[in-house]
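Below: one structure, written as structure tokens.
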Amino acid sequence: MLRLRQICLVASEIEKPVDDLTAVFGLAICHHDPAVEKYGLTNALLPVGTNFLEVVAPFRDGTAAGRYLGRREGDGGYMVILQCDDAETRATRMEAIGVRIANRLDYGTYVGLQLHPKDTGGAILETSTDPRSDAPDGPWHPAGDDWQKAVRTDVTKRMSGVEVQSPEPRALAARWSEVLNIDVSENSSGQPMLQLENAVLRFVPVEDGRGEGLAGLDLEVADRETILRNATNRGCAVNGDIVQVCGIRFRLV
């Protein structure tokens, strides 16, 4: 099993991007994770169906997230977090293919491997295991004990795709293919992609001048018109079916 479970965005401050996400997409906060404080961060998690959008923001100088904000010139995508069957087996594989584990998370049943972005490219990629979470609506440590109560699907239903941009999208797709042990395929537009259990990872050229990084999310929506109206009312950029919030292109599908 390799399932998209969580996308982390990074922002210079927490309140406005979270307010935008809740107001535009009809989402609700399920948890603020105190574990991120040791990294100099505050955060909020919002369920999107059985997946999660997380926003982190630094509250002190000298954080990795703060440096990332500087490199990418503002708010945007930060981490792609996948749920896997066995993080320990994947740790052994990372050693074999020369990918460093930048940070290991161990919270009882939950084990996460944050891979070094210089070895993967694109974004911080994490593979995590929690044996309590075989079902998509099962427990997920970063989201707290009662995340299911915050699920709202009347406007936005689920995440269906992740867009990572690169000057060399095919080379980046090949590297992620090696890291995740998934074959590269192509979508109908000829873009390289990796098929997960519940979503696709899509690799595209850089078109916004911000360099390589996590650039977009596909959202399956139930009420497109409400999203577009809410985004316009809050001053978010709208271009057809694409809404920009927190430096990310949200594509409505």
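General observations
- Strands (runs of 3 or more DSSP E) fully within segment 1-101 that include at least 1 residues being over 22 Å from GLY161 (Cβ atoms) and not hydroxyl-bearing (Ser, Thr, Tyr): 41-48, 51-58.
- Residue, farthest from GLU73 (Cα to Cα), within segment 216-250, restricted to residues that are assigned to a loop (DSSP other than H, G, I, E, B) and of a type in the set (Gly, Ala, Ser): ALA222
- Of all residue pairs spaced 6 or more apart or on separate chains, those with beta-carbon atoms under 8 Å, a first member in segment 134-151 that is closer than 17 Å to THR109 by Cα and a second member that is among the basic types (Lys, Arg) and loosely packed, with under 14 Cβ neighbours inside 10 Å are GLY138/ARG132; PRO139/ARG132.
- Candidate set from segment 128-145 (those that are assigned to a helix (DSSP H, G or I) and either at pLDDT 90 or above or not assigned by TED's automatic domain parsing to the domain that holds PHE52 (or both)); member that is nearest to GLY49 (Cα to Cα): ALA143
- When we screen GLU207, GLU220, GLU225, GLU212 for residues that are surrounded by fewer than 14 Cβ atoms within 10 Å (Cβ to Cβ) and in contact (Cβ under 8 Å) with a residue 12 or more places away in the chain, the only hit is GLU207.
- Taking the listed residues LEU194, LEU219, LEU214, LEU201, the one that is in contact with a Ser or Thr (Cβ under 8 Å, 6 or more places away or on another chain) and under 21 Å from ASP119 (Cβ atoms) is LEU194, with no other qualifying.
The values are calculated or read from the model by the stated rules, or taken from the named source; none is laboratory data. Please read all numbers here as calculations on a predicted model, not as lab measurements. Note that each Cβ is placed from the backbone with ideal geometry, even for glycine, and that neighbours are counted across all protein chains shown.
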